[in-house]
Amino acid sequence: MGCTYEFVKTASANLREKDDHYNVALGGFFSGAILGLRARSFPAVLGYGAALATAMGAFEYTGGSLWGYKKDLEVDEFDRREQLRKAYRTPAEQTFEELGEGRGIFAPGYAERRRDRIKEAYGIDVPTTQPSAS
């Protein structure tokens, strides 16, 4: 079944000079027909072929997903994935600039800047190191 599916799909794509869901449906029909040969009846051959053609064609038409995402055939998959990988690579300085400091995000020199802000705002001198517990 698998060889028949791939052969018919590829052959129909070459003959039609198109790469779309009809090629998958044709491959599905012929491989389903082979599955129907076990029943040794012509209606079973047509029924299994039609069922598999419908299922495979619909799956390919929705973009190879059951949720309806249709992939863009114009964009190279490698380039798309590289773009996704680079989309969230931002320098730490830019992150500090956009989010600010605090909430677990601290740039180098944060302790000195915090000490200066507290001294300026409240007049309290914050020690640079924690005093020992003993």
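Determine if region 35-54 includes at least one residue that is among the charged types (D, E, K, R) and within 30 Å of TYR5 (Cβ to Cβ).
From region 35-54, those among the charged types (D, E, K, R) are 38, 40; that's our starting set.
Next, from what is left, pick out any that are within 30 Å of TYR5 (Cβ to Cβ): 38, 40.
Yes, region 35-54 has at least one match.
Restricting attention to region 14-26, the residues that are buried (at least 19 other Cβ atoms within 10 Å of the Cβ) and either in contact with a Ser or Thr (Cβ under 7 Å, 6 or more places away or on another chain) or of a type in the set (S, T, N, Q) (or both) add up to 2.
Residues checked against (1) without any contact (Cβ under 8 Å) to a residue 60 or more places away in the chain; (2) in contact with a Pro (Cβ under 8 Å, 6 or more places away or on another chain); (3) of a type in the set (D, E, K, R); (4) over 30 Å from ARG117 (Cβ atoms):
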| site | (1), (2), (3), (4) |
| --- | --- |
| ALA13 | yes, no, no, yes |
| PHE29 | yes, no, no, yes |
| GLY32 | yes, no, no, yes |
| ARG40 | yes, no, yes, yes |
| TYR61 | yes, no, no, yes |
| SER65 | yes, no, no, yes |
| LYS86 | yes, no, yes, yes |
| GLU97 | yes, no, yes, no |
| ARG103 | yes, no, yes, no |
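Return yes or no: is ALA33 of a type outside the set (Phe, Trp, Tyr), surrounded by fewer than 17 Cβ atoms within 10 Å (Cβ to Cβ) and in a helix (DSSP H, G or I)? So that I can check it myself, show each step before the final result.
Details: of a type outside the set (Phe, Trp, Tyr): yes; surrounded by fewer than 17 Cβ atoms within 10 Å (Cβ to Cβ): no; in a helix (DSSP H, G or I): yes.
Criteria not met by ALA33.
Before we move on, is ALA111 among the aliphatic types (A, V, I, L, M), assigned by TED's automatic domain parsing to the domain that holds LEU37 and modelled with pLDDT of 80 or more? So ALA111 does not fit the description; no. Considering the conditions (1) surrounded by 11 or more Cβ atoms within 10 Å (Cβ to Cβ); (2) modelled with pLDDT of 75 or more, ILE105 is excluded by exactly one of them, (2). I'd like to check something: does region 82-98 contain any residue that is basic (Lys, Arg), at pLDDT below 75 and exposed (fewer than 11 other Cβ atoms within 10 Å of the Cβ)? Looking through region 82-98, at least one residue is basic (Lys, Arg), at pLDDT below 75 and exposed (fewer than 11 other Cβ atoms within 10 Å of the Cβ).
The values are calculated or read from the model by the stated rules, or taken from the named source; none is laboratory data. It should be emphasised that the depicted structure is a prediction, and the values quoted were computed from it without experimental measurement. Quick reminder, even Gly has a Cβ in these numbers, built from the backbone with ideal geometry, and neighbours come from all protein chains shown.
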